[in-house]
1. With +1 assigned to the C-beta of every Lys and Arg and -1 to the C-beta of every Asp and Glu, and no other charges, what is the dipole magnitude of the chain about the Cα centre in debye, to the nearest 20?
2. Just want to confirm a number: the relative contact order over the chain, from Cα pairs under 8 angstrom separated by 6+ residues, in percent.
3. What's the Kirkwood radius of the chain in Å, using all Cα pairs?
4. Taking the highest mean first, how do the peptides 24-33, 56-65 order by number of other beta carbon atoms within 10 angstrom per residue?
5. Using alpha-carbon positions, what is the distance between the centroids of the range 75-102 and the range 12-54, in Å?
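No value in this document is a laboratory result; all are computed from the given coordinates. As the structure is a computational prediction, the values presented were derived from the model and not from experiment. Neighbour counts run over all protein chains shown; Cβ positions are idealised from the backbone, glycine included.
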Amino acid sequence: MAQSIFEKRDSLSPAPYYLPDAAYEGTLRAHVLCEEGVDYTQSELLPVAAHMTEALTAMCAHSDVVGGCFIGLSDGTHIGVDGHELNKLDENGDVIPFPVRERPWYVGAADRYGRYIFHGHGT
């Protein structure tokens, strides 16, 4: 799906994406994170990857074993789907930087030039 969407990226309108929000804690929802020093609003990849949020949400919603789906992007941005908004925010409600390209699932996918199934806790 990702390959297909990125191949036709020039013909797609940008899809919306959202930062974590404490009001949605416990609700399965897509959110954006980024590494420290990365301005997610400048990402050319996020508006394309955001076209997959419905499919990612559906995979989580209809599975007893998939608790979250994540897409790490090479520019240091990330779209994830899970029901845990609060652990992405600091005590002031600001989004905590997320070292996307250091996560085991990102490294695994980059090493294999594709998708990677990580059996863990998403750390």
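1. Values: 8 positive and 18 negative charges, 108 e Å.
Roughly 520 debye, rounded to the nearest 20.
2. About 28 percent, as a whole number.
3. On the way: mean 1/r = 0.0675 Å⁻¹.
The Cα-based Kirkwood calculation yields 14.8 Å.
4. Details: 24-33: 17.4, 56-65: 12.4.
The packing order, highest mean first, is 24-33, 56-65.
5. Going from one Cα centre to the other spans 10 Å.
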